[in-house]
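Q: A single structure is presented below for examination.
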Amino acid sequence: MVVRCLLRLVVLSLGLLASFQTLAVTVTDARGEHTFDSVPQRIVTISWAMTENALELGIEPVGVADIEGYTTWVVRPPIPEGVADIGKRQEPSIERLAELEPDVIILSNGQEGLVDKLSQIAPVLYFDAFSAEQDNAETARDIFMEMARLFGKEALAREKLNAMDAEFGELESKLHAHFGETLPEVTGVRFFNQAIALVYGSNSMSQAALNKMGIQPAMTVPASQWGFAQRKIIELSKIKDGALLYFKPAPGVEDLFDSPLWQAMPVARAGRVAPVESTWSYGGALSVLYLARAQTEALLTIDPQ
């Protein structure tokens, strides 16, 4: 009888252990491996790129940083109503975070200094999404799949990435139908002011989107952490035969375009300048698709000549 009871306990223990191993999930961030006893249900994303990833995976965070800013600059995918705003991305409200009782808090670049403090509230994942030493667009895909593993959404993540890759080809076909066999070289910028532009280069998400559609840059900009270089407006005169796209919002751009300096630019005289609807240039994996769509729409407004 005693032996039989002991056997039952052993079987029960093994069953519980197997259940734990089935529910437990291990993911890897910039700091190493982290094991969760079960799939996190209540998540907070302080990085906008990680917010994008969560929403694309069908995960609604309980808290997000700076929702107003996200709505202005990132736009897609939209944050559902009812999600709590936990303050600034660099200085989230510790009190508000604690009240939300998250199962995991997800950070990215520029938020390294928050790891220790926020770890007192919940487990923290920190992803190094942007670096001059890596292909940022490819790293974004890796991070997306890592987050998908955390939430048990790997099949959905693969489906979305495959659909994105297929759409790049469709967008390229649209551009060829408009411009013909040879697509123009294109460079994207954000106007910092009337004297300075942030020019996107080889490691930027926007240039990655253009590359996926078979488009090469009109200006050479070396790799950097965030994929851009600060340049004087006059340097945009180096674009002779290509096209220039500028991202909205672009306050004050009308005054810039009225200036003699701008009107003397070869790209301006040729009418090969077009605005891109607000799309975040430092986002998650699927932001490359949003950038490809937005830049395609902008390019289709340019006369193929």
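The values are calculated or read from the model by the stated rules, or taken from the named source; none is laboratory data. No experiment lies behind these values; they were computed from the predicted model shown. Every residue, glycine among them, receives a Cβ derived from its backbone with ideal geometry; neighbour counts consider all protein chains shown.
Q: Please tell me if Val115 is assigned by the TED database to the domain that holds Trp48, β-branched (Val, Ile, Thr), touching a helix residue (DSSP H, G or I) at 6+ places or on another chain (Cβ under 8 Å) and farther than 23 Å from Thr296 by Cα.
A: No: the conditions fail for Val115.
Q: Mind listing just one residue for me: the one in the range 119-158 that is free of Cβ contacts under 8 Å to residues at least 40 places away in the same chain and within 25 Å of Pro92 (Cα to Cα) and, of those, surrounded by the most Cβ atoms within 10 Å (Cβ to Cβ)?
A: Val124
Every residue, every condition in (1) on the phi < 0 side of the Ramachandran plot; (2) at pLDDT below 95; (3) in a loop (DSSP other than H, G, I, E, B); (4) among the polar types (S, T, N, Q), yes or no:
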residue: Leu6; (1), (2), (3), (4): yes, yes, no, no
residue: Leu12; (1), (2), (3), (4): yes, yes, no, no
residue: Phe20; (1), (2), (3), (4): yes, yes, no, no
residue: Thr35; (1), (2), (3), (4): yes, no, no, yes
residue: Ala54; (1), (2), (3), (4): yes, no, no, no
residue: Pro61; (1), (2), (3), (4): yes, no, yes, no
residue: Tyr70; (1), (2), (3), (4): yes, no, no, no
residue: Ile79; (1), (2), (3), (4): yes, no, yes, no
residue: Glu99; (1), (2), (3), (4): yes, no, no, no
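Q: Okay, moving on. Among the residues of the range 35-56, write down those that are surrounded by 20 or more Cβ atoms within 10 Å (Cβ to Cβ) and within 18 Å of Gly82 (Cα to Cα).
A: Ile43, Val44, Thr45, Ile46, Trp48, Thr51, Glu52, Ala54, Leu55, Glu56 - these are the residues of the range 35-56 that are surrounded by 20 or more Cβ atoms within 10 Å (Cβ to Cβ) and within 18 Å of Gly82 (Cα to Cα).
Q: Here's a follow-up. Is it the case that Ser93 is over 19 Å from Gly283 (Cα atoms) and surrounded by fewer than 14 Cβ atoms within 10 Å (Cβ to Cβ)?
A: No; evaluated as a whole, the condition is false for this residue.
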